[in-house]
1. Give just the number: which of (1) in contact (Cβ under 8 Å) with a residue 40 or more places away in the chain; (2) assigned by TED's automatic domain parsing to the domain that holds Ser403; (3) within 22 Å of the chain's Cα centre (by Cα) does Leu270 not satisfy?
2. Is it the case that Asp49 is more than 26 Å from the chain's Cα centre (by Cα) and assigned to a loop (DSSP other than H, G, I, E, B)?
3. Among residues belonging to the range 129-166 that are part of a loop (DSSP other than H, G, I, E, B) and aliphatic (A, V, I, L, M), point out the one that is nearest to Leu110 (Cα to Cα).
4. Can you name the residue in the range 128-172 that is acidic (Asp, Glu) and either outside the structural domain of Ala81 (by TED's automatic domain parsing) or free of Cβ contacts under 8 Å to residues at least 40 places away in the same chain (or both) and is also nearest to Ile13 (Cα to Cα) among such residues?
5. Kindly indicate whether any position in the range 167-184 is assigned to a strand (DSSP E or B) and among the aromatic types (Phe, Trp, Tyr).
6. Determine whether Gly360 is over 25 Å from Gly342 (Cβ atoms) and surrounded by 15 or more Cβ atoms within 10 Å (Cβ to Cβ).
7. I need the full set of residues from the range 215-243 which are in contact (Cβ under 8 Å) with a residue 60 or more places away in the chain and either assigned to a helix (DSSP H, G or I) or charged (D, E, K, R) (or both), in order please.
8. Kindly list, by first and then second residue, each pair from a residue in the range 350-366 that is closer than 12 Å to Tyr411 by Cβ to a residue that is part of a loop (DSSP other than H, G, I, E, B), limited to pairs with Cβ atoms under 6 Å and residues at least 6 apart or on different chains.
Amino acid sequence: MIKASICTIGDEILIGQIVDTNSSMISSKLGELGIEVSRMLSISDGHDDIVGSLREEMESNDIVIVTGGLGPTKDDITKPALADLFGCREWKTVDAQLEIIREILHSRGLDMLDINMDQARVPACCEPILNHYGTATIMAFHTTEGKSLYSMPGVPHETMNALPDVIADIKAHYPLGNILHRTIMTYGMAESALSKLIAPWEDALPQDMHLAYLPNTLTGVRLRLSVKGGDAEDSSRRADAQIAALKEIIGDLIYSECDDTLENTIGRLLRGSGKTVSAAESCTGGMISHLLTCVPGASEYYFGGVCSYAVAVKESVLGVDSKLIEERGVVSSEVAAAMAEGVRKLTGSTYSVSTTGLAGPGGDDKNPEGTVWIGVSGPHGTITARRQYHNDRERNIERFSASALDLLRRYIIEDGEKSAFAA
């Protein structure tokens with residue numbers, strides 16, 4: 001198997017000033033190619049540290065991908081360090097990158113300076129790859145021993161947009177076998193419980209198939225089924241058969257068969273149907289509305305929301321009876337139901353979703369920290385569900401929001417089935 005190392009350069013990463021998101025992004029893409037990432041390394045801005053560390057990585061890996069240290073300032077020394085590493089004494093200017101730099105600066109109302117022009121100059125022994133989203137030229141170094149080093153900018157959006165070109169160059173230089181990836185998005189069961197439930201199915205997978213678990217607070221557990229080698233059409237057919245068997249086990253836990261989100265799924269369910277949704281949020285503070293409106297075209301089906309954080313707003317805007325709150329408590333099934341029914345009546349939407357809970361810190365015996373009641377209302381009545389999580393405040397709010405969207409998703413699907421049966 002081809003092995004790769006991912007290296008980030010910059011003191012700002014080592015001192016915790018910024019978070020390295022590039023490595024995980026690059027690792028994911030390499031994994032899709034069947035390339036094993038053996039190491040992730042952060043290196044200081046010192047010339048000798050860069051040269052020494054990268055030399056070691058080149059010795060033990062087929063591919064080294066480097067991000068960072070390619071800016072226009074004096075402390076960005078990755079480029080001269082790479083020139084020394086590969087014994088380059090001559091430099092060349094990449095005219096096409098120079099034109100991109102000129103266009104970027106012009107769009108920002110800036111003049112071209114010498115330090116900007118220098119970003120188009122690279123060691124003559126490298127193969128330049130154009131950076132269409134920034135000023136730093138991407139460099140590919142290929143050795144006679146079949147090793148490769150790619151130097152990319154550290155700005156995450158530049159790295160993300162340049163990755164396809166780097167991946168294309170890797171494919172051109174390495175005999176990568178066929179590898180098929182299929183994604184199954186699930187929500188409603190923790191990773192450990194899901195793993196136990198599907199263990200017999202997973203254990204029976206053929207040797208050339210592998211399952212990976214990728215949990216996320218907002219999207220649930222993403223399952224990635226990989227099939228290595230073989231004919232692409234045959235691999236796809238065999239993967240379909242395995243996923244069909246998986247569906248028999250976990251059923252409606254699956255909400256999508258692509259790398260997706262709950263809010264996108266709800267959008268697909270509602271778009272073009274003439275049906276609409278609204279939200280009444282307390283403990284989630286507007287996150288459900290934010291997630292729903294992140295989907296392009298959400299204005300077709302999302303009517304609006306009420307962030308009823310205060311009890312007074314629950315009563316005056318959503319029409320929740322003050323006696324109900326006094327008798328049952330703000331965090332209760334009854335109040336969640338009343339909130340959902342209130343915002344649905346207020347906006348005239350087909351469906352509505354509500355949340356009331358305790359994200360933390362704080363709670364009591366009846367409703368510990370991390371408790372949320374979710375309400376969903378629609379043509380076939382109102383349902384509620386209690387969820388309990390044990391995270392910090394931020395993670396609890398994310399889980400509350402995702403759980404609410406999942407309950408809404410299930411209601412919409414069931415409502416559609418009931419409506420079809422009645423017809």
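The values are calculated or read from the model by the stated rules, or taken from the named source; none is laboratory data. What you see is a predicted model; the values in this text were computed from it and never measured. Don't worry about glycine lacking a Cβ; one is built from the backbone with ideal geometry, like all the others, and counts go over all protein chains shown.
1. In the conditions (1) in contact (Cβ under 8 Å) with a residue 40 or more places away in the chain; (2) assigned by TED's automatic domain parsing to the domain that holds Ser403; (3) within 22 Å of the chain's Cα centre (by Cα), Leu270 misses (3) alone.
2. No: the conditions fail for Asp49.
3. Here the answer is Ala136.
4. Start the filter on the range 128-172 by keeping residues that are acidic (Asp, Glu), which leaves 145, 158, 165, 169.
Now narrow it down to the ones that are either outside the structural domain of Ala81 (by TED's automatic domain parsing) or free of Cβ contacts under 8 Å to residues at least 40 places away in the same chain (or both): 145, 158, 165.
Working: Glu145: 31, Glu158: 17, Asp165: 25 Å.
Going through the qualifying residues, I end up with Glu158.
5. Quick first cut of the range 167-184, residues assigned to a strand (DSSP E or B) only: 179-184.
Narrowing further to those that are among the aromatic types (Phe, Trp, Tyr): none.
Looking through the range 167-184, none of the residues is assigned to a strand (DSSP E or B) and among the aromatic types (Phe, Trp, Tyr).
6. Values: over 25 Å from Gly342 (Cβ atoms): yes; surrounded by 15 or more Cβ atoms within 10 Å (Cβ to Cβ): yes.
It is true that Gly360 is over 25 Å from Gly342 (Cβ atoms) and surrounded by 15 or more Cβ atoms within 10 Å (Cβ to Cβ).
7. Matches in the range 215-243: Lys228, Ile243.
8. Within 6 Å, the pairs are Thr350/Lys275; Thr350/Thr276.
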